[in-house]
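Below is one structure, written out as structure tokens; comments come after it.
The values are calculated or read from the model by the stated rules, or taken from the named source; none is laboratory data. Note that the structure is a prediction, hence the values are computed from the model and not measured. Here the Cβ positions follow ideal geometry from the backbone for every residue, glycine too, while neighbour counts run over all protein chains shown. Note: accessible area is taken over every heavy atom of the protein model, side chains too, but ligands, DNA and RNA are not part of it. Shrake-Rupley method; radii C 1.70, N 1.55, O 1.52, S 1.80 Å.
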Amino acid sequence: GVDLVGGRSLRDRRVRLEKAPFFALALVVGVVAVVAALAPGALRASVGARLFSLGERLLVACHACNLYLAKLALPVDLSAFYPYPERVGGALPLAVRLAPVGPLALAAAALLAARRRPLVAFGLGFFAVTLAPVLQAVPYADFFMADRYAYVPSLGVFLAVALVGAEVARSRPRLGPALLA
């Protein structure tokens, strides 16, 4: 984000090289966390691991992403515990089976914004990258989401919304007060 504001391009080899140690450290910490969580005796198998195949866990992860976004927009029905979705007649609920539509739309919005509005694309990408590790594709708990996991990722969504709102307010000054509210 700071590089984009400063006019630095990720195509510049020096910019990529200065980021490499941070990505390497994040990768090492992530691998250690997954290995530790999956080690025999480390944690009992979670509900997600016992009841859902990998494909189903990916659907549940997409469903969680959709719910995180929905709860950012309208924070209702918040809970300290979100149990995994129950099967209806042996199948996952329709909302879970259709869940990939949300993350795909988010990715499409980021790609469309990338050239003309790189900071909006950065905000959406920040949301996706910082939320991905807690989406339970590799289950480690008996819940599939937790509101506390959205605190940092939500900053990316709020950045994107604020930037688009500022752009609309500049192009349509009459909407400025409503957008500010």
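Things to note:
- Reciprocal of mean inverse Cα separation for the stretch 95-146 (Kirkwood radius, Å): 12.3
- GNM top mover of Phe52, Phe122, Phe81 - the chain, alpha-carbon springs below 10 Å: Phe81
- Angle of helix 54-73 to the longest C-alpha principal axis of the chain, folded into 0 to 90 degrees and rounded to 10: 40°.
- Under the Karplus curve 6.51 cos²θ - 1.76 cosθ + 1.60, θ = phi - 60°, whole-Hz ³J(HN,Hα) for the stretch 149-158, x wherever Gly or Pro sits: 6, 8, 4, 5, x, 4, 4, x, 5, 5
- Within the stretch 62-139, trypsin sites (Lys or Arg not before Pro) in DSSP loop having at most 10 other beta-carbon neighbours inside 10 Å: Arg115, Arg116
- Protein accessible area in the chain, 1.4 Å probe - carbon and sulfur %: 71
- Annotation: amide H of Tyr82 within the under-5 Å range of Phe144, Met145, sequence separation 5 or more or interchain, hydrogens built in the peptide plane.
- Phi angles of the stretch 100-110 translate, via the Karplus equation with coefficients 6.51, -1.76, 1.60 and θ = phi - 60°, into HN-Hα couplings of x, 4, x, x, 5, 5, 4, 5, 5, 4, 5 Hz per residue; Gly and Pro are given as x.
- Calculated accessible area for the chain comes out at 66 Å² per residue, all protein chains present (probe 1.4 Å; ligands, DNA, RNA ignored).
- FRET efficiency estimate (nearest 0.05) - Cβ-Cβ, Ala162 to Phe81, R0 30 angstrom: 0.45
- Taken about its Cα centre, the chain carries a charge dipole of about 660 debye when Lys and Arg each add +1 at the Cβ and Asp and Glu each add -1 at the Cβ.
- Largest mean-square fluctuation among Gly90, Gly123, Gly30, in a Gaussian network model of the chain whose springs join Cα atoms under 10 Å apart, belongs to Gly90.
- Range of Cα positions in the chain per principal axis (Å), largest first: 55, 41, 25
- Most mobile of Pro118, Pro85, Pro21 in a GNM of the chain (Cα contacts under 10 Å): Pro21
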